[in-house]
Amino acid sequence: MKLIFLGPPGAGKGTQAERIAERYEIAHISTGDMLRGEIRNATPLGAAAKAYLDRGELVPDSVIIDMVKDRIQREDSKYGFLLDGFPRTVVQAEALAGFTDIDFAVNIDVPFERLVARISGRRMCPDCGAAYHVSTYTAATCSKCGAALYQRDDDKEETVANRLKVYTEKTAPLIAYYENKGKLFTVNGDADIDAVTNEIVKGLDA
Ligand code: AMP
């Protein structure tokens, strides 16, 4: 199974992607996590990407397309994969179609006015990538691996507005793009985490 997860920042893509990838035993490929890993490891790619992430802008298409093309050739993607955060532009979607066929694009729909609160309350684990929200989790450390949680720089208020603008302009058109290909499947992301997972599973199994 080859899946794409679409949705605005704060829709819960990462959380759902992790659960779905585990359930179907496919690789979870998050381009945001990959880029943050490159930045943490101070690689040339990380150095080039950092300024884009800090401003809430998209990394250039050519960079991200090469990164994903490479990544899905790894052994763990042999039985399928879930792309979380890619494609984010029509150029990326067309490049993807040139090197693989995806089965479904799952669109996690959340009303725009809910997103800022969801993003600004998010806290991340630097080691295992787990995400929490301050409204439901008040501990300072990760429940899975014990690392100290942090707030992503680009989850701070000054960057969030730009990320939402970039989403609307560059990524939202992918909803129509995959709908026209008959591959889109939209779920209501404004529900509790288990309910959203169940809706995705029900749709995929059907
Ligand atoms: P995310 O963790 O998916 O919210 O991504 C964090 C940031 O990484 C984005 O705001 C972009 O700067 C960059 N990024 C992640 N995926 C892509 C992509 N497919 N194309 C361009 N930039 C990306």
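The values are calculated or read from the model by the stated rules, or taken from the named source; none is laboratory data. Quick caveat: nothing in here was measured; it's all calculated off a predicted structure. Glycine gets a Cβ as well: all are built from the backbone with ideal geometry, and neighbour counts include every protein chain shown.
All of (1) aromatic (Phe, Trp, Tyr); (2) more than 15 Å from the chain's Cα centre (by Cα); (3) within 15 Å of the ligand (Cβ to nearest atom) hold for residue 81 with one exception: (2). Somewhere in region 142-151, is a residue touching a Phe, Trp or Tyr at 6+ places or on another chain (Cβ under 8 Å), more than 12 Å from the ligand (Cβ to nearest atom) and not in a loop (DSSP other than H, G, I, E, B)? Within region 142-151 (the criterion being touching a Phe, Trp or Tyr at 6+ places or on another chain (Cβ under 8 Å), more than 12 Å from the ligand (Cβ to nearest atom) and not in a loop (DSSP other than H, G, I, E, B)), the answer is no, since none of the residues qualifies.
Residue-by-condition table, conditions (1) small (Gly, Ala, Ser); (2) at pLDDT below 95; (3) crowded, with 18+ Cβ neighbours inside 10 Å; (4) in contact with a His (Cβ under 8 Å, 6 or more places away or on another chain):
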residue	(1), (2), (3), (4)
89	no, no, yes, no
92	no, no, yes, no
117	yes, yes, no, no
142	no, no, yes, no
155	no, yes, yes, no
159	no, yes, yes, no
167	no, no, yes, no
174	no, no, yes, no
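Residue 66 passes every criterion in (1) among the charged types (D, E, K, R); (2) surrounded by fewer than 19 Cβ atoms within 10 Å (Cβ to Cβ); (3) within 30 Å of residue 138 (Cα to Cα); (4) within 12 Å of the ligand (Cβ to nearest atom) apart from (3). Taking the condition outside any loop (DSSP other than H, G, I, E, B), in contact with a His (Cβ under 6 Å, 6 or more places away or on another chain) and at negative phi, does residue 82 pass? Yes.
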